[in-house]
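The next block holds one structure in the form of structure tokens; read it before the comments.
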Ligand SMILES: Nc1ncnc2c1ncn2[C@@H]1O[C@H](COP(=O)(O)OP(=O)(O)OP(=O)(O)O)[C@@H](O)[C@H]1O
Ligand SMILES: [Mg+2]
């Protein structure tokens, strides 16, 4: 009895904080999602409407489904490109020469920046009137010299994806460098002796041994990509039109532009459900499955 | 099948000399063992033969052809690594067949050859397992099978048995020797275990601090060590070494050591080391013996008794009949078999 009192006593602060900071807001927002509550009409919680918000979301909102599609496109390309680019960077910079170490530290700066700052910086860099990056791109590809990159349908999404890659690749590069370093060197040398060339060694011996790390990296990046919001707000505001309006951005707009809190909460829950599935797979991979 | 020639090869790591400039030829079909204490450059030399390490100087020739700057894959050399270097994501069968797969053999051909080698090393039951589900000895055999499956020109093994227990080591040793003789593949084998070296080798290279001390057959190494290092390194218990002087064909040392040498033509020297193995001495009466002293210790090993006596500053050990028994602080004498007395220069350590 005493033991169990002590146990709960020690756990109590953590549980209380979790309830106050995590479960209460989550439960509260779920409660909102069951109401028709528009702040422009009233600061008081509106009438209870059951699952009407969810029904509207699933059956009668093409704009929302458009944002789901945008999120999927963004996530697919940003995950794929980030993983490939960071793996290439890791292979290039895995050594321990001074140059490699220095380059690595510089690259990690990109990851250390806050996402909002990344977005704003790139917005300036890509601004048609005075952006340095915009000028360089125009100089290398004259075709795009006159294209306002962040405001053009054909380039806004590309820019968003590439900036996200720029932001995240160093982080995954470090992950992969760590994984490469922990690979038994003998297996690679055995591959050389057995007659395999560089590509064969990478794809046949190195990559299969990195399978676990790679799977976790892909899953993590998918989670990060799906919930990415700051760069959309700071770089494109979802535009041109709603070409780059991802689900989190849609939630943000609905809540803080149109003040439709009940409906925004329902959307957020839809997103949360998807994230929950991914998070569960992630923790399963990390903590379980090590047979 | 091939010969391997190292021509003035050397390796420096920055300022550290890994292997000093040296040359040697490993004959076709020969079993060559690199033996020496830790850090003497055995692995470094082997890796230069394999092509995993580029020499700082000199050339590597396989069958007379210069391969110094060829990639490992172009040398047709197989290697067994100390920690086996098995591919953890492949089954035993796939591991063994990998060199064949890389060479573009069809699945059916591969299967037949895998089956063939697996039988040789008794792995047929385990072909579908992952390496992680094998014992150390089994992993060792997989590594061996992967190396022989393509019948390479040269076979390299870096301390392949060091991770195994004593009993398994003996049986794997026999297995390796048998395989090598049967297939007649030129083999270079690295070890720091002298028993392994003496039992396996056609010829042994003894190295120390990156320098070859002696290259010869096990008999030569054991019976005519080229210098003090080799004399001391080979043999267990090791050779007795007594500092003394040589005059008129007679070796004398403090403590009344008095050895009339067989070869009386040796010129007089003030600083000489006499070497004699414990088994080349016989225990006798202290009076009139070539070496005599007070018993320090005696050990029964079952088939023999080793008696150690104090002679001057030296401590000398002799192998005696297993029925011998001694008393504490007894005076004991040793007679030397003069056919097996070794003399070394006291300063340079070179054999006289
Ligand atoms: N990559 C390296 N960088 C610097 N020094 C090295 C390197 N590899 C080996 N050496 C040095 O070269 C010398 C020979 O090393 P080597 O690995 O050949 O020894 P070894 O005879 O195989 O020893 P062991 O029996 O312990 O395996 C050692 O002094 C070692 O410290
Ligand atoms: Mg070594």
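The table that follows gives values for the structure above.
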{"quantity": "Residue match in region B:161-179 (condition: in contact with a strand residue (DSSP E or B) (Cβ under 6 Å, 6 or more places away or on another chain), within 14 Å of chain A (Cβ to nearest Cβ), within 16 Å of ligand 2 (Cβ to nearest atom) and modelled with pLDDT under 90)", "calculated": "no"}
{"quantity": "Hits in region B:74-94 - residues which are more than 28 Å from the chain's Cα centre (by Cα) and modelled with pLDDT under 90", "calculated": "B:74"}
{"quantity": "Test: residue in region A:129-149 that is in contact (Cβ under 8 Å) with a residue 40 or more places away in the chain, surrounded by 19 or more Cβ atoms within 10 Å (Cβ to Cβ) and out of contact with any strand residue (DSSP E or B) (no Cβ under 7 Å at 6 or more places or on another chain)", "calculated": "no"}
{"quantity": "Matching residues in region B:284-302 - criterion: being over 30 Å from the mean Cα position of the chain (by Cα) and over 20 Å from residue B:231 (Cβ atoms)", "calculated": "B:284, B:285, B:286, B:287, B:288, B:289, B:292, B:293, B:294, B:295, B:296"}
{"quantity": "Filter result (in a loop (DSSP other than H, G, I, E, B), touching a helix residue (DSSP H, G or I) at 6+ places or on another chain (Cβ under 8 Å) and surrounded by 15 or more Cβ atoms within 10 Å (Cβ to Cβ)) within region B:255-279", "calculated": "B:261, B:277"}
{"quantity": "Residue within region B:176-197 that is away from ligand 1 (no atom under 16 Å from the Cβ), within 12 Å of the chain's Cα centre (by Cα) and on the phi < 0 side of the Ramachandran plot present", "calculated": "no"}
{"quantity": "Members of region B:1-38 that are closer than 15 Å to residue B:205 by Cα and within 8 Å of ligand 1 (Cβ to nearest atom)", "calculated": "B:19, B:34, B:36, B:37, B:38"}
{"quantity": "Qualifying residue in region B:147-163 (condition: outside any loop (DSSP other than H, G, I, E, B), surrounded by fewer than 19 Cβ atoms within 10 Å (Cβ to Cβ) and either out of contact with any helix residue (DSSP H, G or I) (no Cβ under 8 Å at 6 or more places or on another chain) or outside the structural domain of residue B:91 (by TED's automatic domain parsing) (or both))", "calculated": "no"}
{"quantity": "Some residue of region B:55-74 being within 16 Å of ligand 2 (Cβ to nearest atom) and either touching a helix residue (DSSP H, G or I) at 6+ places or on another chain (Cβ under 6 Å) or in the same structural domain as residue B:194 (by TED's automatic domain parsing) (or both)", "calculated": "no"}
{"quantity": "Options B:33, B:19, B:80: the member that is within 14 Å of chain A (Cβ to nearest Cβ), within 16 Å of ligand 2 (Cβ to nearest atom), in contact (Cβ under 8 Å) with a residue 12 or more places away in the chain and assigned to a strand (DSSP E or B)", "calculated": "B:80"}
{"quantity": "Any hit, region B:121-138, residues being within 23 Å of the chain's Cα centre (by Cα), crowded, with 17+ Cβ neighbours inside 10 Å and within 13 Å of another protein chain (Cβ to nearest Cβ)", "calculated": "no"}
{"quantity": "Options B:41, B:8, B:58; residue that is buried (at least 22 other Cβ atoms within 10 Å of the Cβ) and away from every other protein chain (no Cβ under 14 Å)", "calculated": "B:41"}
{"quantity": "All helices (runs of 4 or more DSSP H) inside region A:168-260 with 3 or more residues being crowded, with 20+ Cβ neighbours inside 10 Å", "calculated": "A:185-194, A:211-226, A:247-256"}
{"quantity": "Subset of region B:193-247 (residues that are in a loop (DSSP other than H, G, I, E, B), closer than 28 Å to residue B:314 by Cα and touching a strand residue (DSSP E or B) at 6+ places or on another chain (Cβ under 6 Å))", "calculated": "B:226, B:237, B:239"}
{"quantity": "Answer from A:23, A:30 - the residue that is loosely packed, with under 12 Cβ neighbours inside 10 Å, over 21 Å from the mean Cα position of the chain (by Cα) and part of a helix (DSSP H, G or I)", "calculated": "A:23"}
{"quantity": "Filter result for the condition that a residue is more than 21 Å from residue B:202 (Cα to Cα), away from ligand 1 (no atom under 16 Å from the Cβ) and in the same structural domain as residue B:133 (by TED's automatic domain parsing), over B:83, B:95", "calculated": "B:95"}
{"quantity": "Qualifying residue in region B:44-52 (condition: away from ligand 2 (no atom under 16 Å from the Cβ), away from chain A (no Cβ under 14 Å) and in contact (Cβ under 8 Å) with a residue 12 or more places away in the chain)", "calculated": "no"}
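Quick grid of which residues meet (1) within 14 Å of chain B (Cβ to nearest Cβ); (2) within 23 Å of residue A:70 (Cβ to Cβ); (3) modelled with pLDDT of 90 or more:
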site	(1), (2), (3)
A:103	no, no, no
A:126	no, yes, no
A:149	no, yes, no
A:152	no, yes, no
A:164	no, yes, yes
A:194	yes, no, yes
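The values are calculated or read from the model by the stated rules, or taken from the named source; none is laboratory data. None of these values were measured; they are calculated from a predicted model. As a convention, Cβ positions derive from the backbone with ideal geometry for all residues, glycine included, and neighbour counts pool all protein chains shown.
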